[in-house]
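Structure first, then comments.
Just so it is clear, none of the values below were taken in a lab; they were calculated from the coordinates. These numbers were taken from a predicted model, which means no experiment stands behind them. A quick note on method: Cβ atoms are made from the backbone with ideal geometry, for glycine too, and the neighbour counts reach across all protein chains shown.
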Amino acid sequence: MQAQIEAILNEIKHFSFDSPETVEQFRLKYLSRKGVIPQMFDAFKQLPPDEKRALGKPINELKRLAEDILNDAKKSSVAANASKEDFTRPLHTLDLGSRHPLTLIRDEIVDIFTRIGFDVSTGPEIEDDWHNFSALNFPEEHPARDMQDTFFVEKNPDFALRTHTSSVQVRVMENQKPPIRTISPGRVFRNEAISARSHCFFHQIEGLYIDKDVSFADMKQTILYFAEQFFGKSKIRMRPSYFPFTEPSAEVDVYWGLKNEVDYRLTKGTGWLEIMGCGMVDPAVLTACGIDPEVYSGFAFGMGIERIALNRFQIPDIRIFSENDNRFLMQFAGL
Ligand code: PHE
């Protein structure tokens, strides 16, 4: 039996695995239940004790070596198989994606307002004159229409790329009865010179609240709630402003503080950061949208998402948002 063990040792050491089938042939021949090695074990059990003592070690070593050879062959055949023959495997391993910073900011703002009962509304990016301007109290030929340098549709100037998401609020008011509590996030377009601070498209979130007895104080409290939740700041101020669709109108600043150099740069040394425009919905707008201003009142507000994201993430240039540069985008992975 000694000689037999050596012969088989020699055989398995030189066994050539030249295809995946030979791996299985090896297993069948040497290690399966009827294979050479298990059969030798059967014979081994019949031997007299002194021969057993002499052969125990070599026969066990043979078995272990055969198992090792089989395992190695299996592994390299799987690898060879995969790289040579599995054409369905993806060419590159897939990187985990990241959310766009503007999406992160939008979702956070949406979340803050949905917690206090606002729903989310959307509308078309190509708008008609009525929803973008006329219903919002922009008079015909009024310079306010130029205030928001509009991209008109060349073949039909009755249509334009919306300049703000206030157009969505008109659609909501036309189709819903008060109470209305909605926020409208979306992309808007203005024909502006492209620079580090402005682009010809950007994103807004506007809010609208209409019910009986809605007052300026309700608006202020709602915006204060937002400032607390989003910026972690508890002081805001309102400065008189003008929008055709609200009266009175205001710009809202949040008190940022002046603790360090970044605060100085961000607030131009004032300690105040401008975050949004707002106002009480003009009665003419309510009437245009079929809501009786004698019964209902409301407020609206609107903010730019890019501006907030630049500030939140300390990004120096608005153009980076639309360049799709992976080195930039991957920094937001996991957020
Ligand atoms: N629509 C305004 C803008 O685009 C923002 C705004 C919305 C202001 C609602 C007041 C009320 O600048």
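Can you tell me how much longer the chain between Val262 and Asn326 gets when fully stretched, taken as 0.36 nm per residue apart minus their C-alpha distance, in nm with one decimal?
This chain segment gains 20.4 nm when fully extended.
What FRET efficiency would be calculated for the residue pair Arg115, Gln314, taking the C-beta separation as r and a Förster radius of 22 Å, to the nearest 0.05? Working shown, then result.
On the way: r = 27 Å, r/R0 = 1.22.
Given R0 = 22 Å and the Cβ-Cβ separation, E is 0.25.
Using the Cα atoms as the points, what is the convex hull volume per residue of the chain in Å³? Provide the component values of the computation, followed by the final result.
Numbers: hull volume 92.9 nm³, N = 335.
Residue-normalised Cα hull volume stands at 277 Å³.
Going by average Cβ neighbours within 10 Å, how do the peptides 205-215, 316-326 rank, with the highest at the top?
Working: 205-215: 18.7, 316-326: 13.0.
Listed from highest to lowest mean packing, they are 205-215, 316-326.
Between Gln25 and Met1, what length comes free when the chain is fully extended (0.36 nm per residue of separation minus the Cα-Cα distance, one decimal in nm)?
Details: separation 24, 0.36 × 24 = 8.64 nm, distance 2.37 nm.
Working it through step by step, the gained length comes to 6.3 nm.
Show me 107-113, 228-234 ranked by packing, highest mean number of other Cβ atoms within 10 Å first.
Working: 107-113: 15.9, 228-234: 14.3.
Top of the packing list down: 107-113, 228-234.
Label the range 97-225 by shape, choosing from rounded, prolate and oblate, from the square roots a ≥ b ≥ c of the eigenvalues of the Cα gyration tensor; if a/c is under 1.5 it is rounded, and otherwise prolate applies when a/b is larger than b/c, oblate when it is not.
Working: a/c = 1.90, a/b = 1.23, b/c = 1.54.
Since a/c reaches 1.5 but b/c is at least a/b, the shape of the range 97-225 is classed as oblate.
With a Cα-only, solvent-free Debye model of the range 198-335, what are the log10 I(q)/I(0) values at q = 0.15, 0.19 Å⁻¹?
-0.85, -1.13
Return the FRET efficiency for the residue pair Glu192, Val78: r is the Cβ-Cβ distance, R0 is 45 Å, and the value is rounded to the nearest 0.05.
Numbers: r = 58 Å, r/R0 = 1.30.
About 0.15, to the nearest 0.05.
Treating cross-link reach as a plain straight distance, find the aspartates and glutamates whose alpha-carbon is under 14 Å from the alpha-carbon of Lys13, omitting any fewer than eight places away in the same chain.
Cross-link targets: Glu61, Glu67, Asp68, Asp72.
Which lysines, if any, have their Cα less than 17 Å from the Cα of Lys52, not counting same-chain residues under 8 positions apart?
Lys63
Nearest 5 is fine: what % of DSSP beta bridges in the chain come out antiparallel, could you say?
On the way: 41 of 43 bridges.
Percentage antiparallel, nearest 5: 95.
If a paramagnetic tag sat 7 Å from the Cα of Lys212 along the Cα-Cβ line, which residues of the range 277-305 would have the backbone N under 13 Å from that point?
The answer is 294-297.
Once a ≥ b ≥ c are taken as the square roots of the eigenvalues of the Cα gyration tensor of the range 1-55, is the result rounded (a/c under 1.5), prolate (a/b larger than b/c) or oblate (a/b not larger than b/c)?
On the way: a/c = 4.94, a/b = 2.03, b/c = 2.43.
Verdict is oblate for the range 1-55.
Under the classification rounded if a/c is under 1.5, otherwise prolate if a/b is larger than b/c and oblate if not, where does the range 88-169 fall, given a ≥ b ≥ c as square roots of the Cα gyration tensor eigenvalues? Kindly include the intermediate steps, with their values, before the conclusion.
Details: a/c = 3.29, a/b = 1.71, b/c = 1.92.
Judged from the Cα gyration tensor, the range 88-169 comes out oblate (a/c at least 1.5, b/c at or above a/b).
Starting from the Cα of Ser234, step 7 Å along the direction of its Cβ; do the same at Ser32; then give the gap between the two resulting points in nm.
7.9
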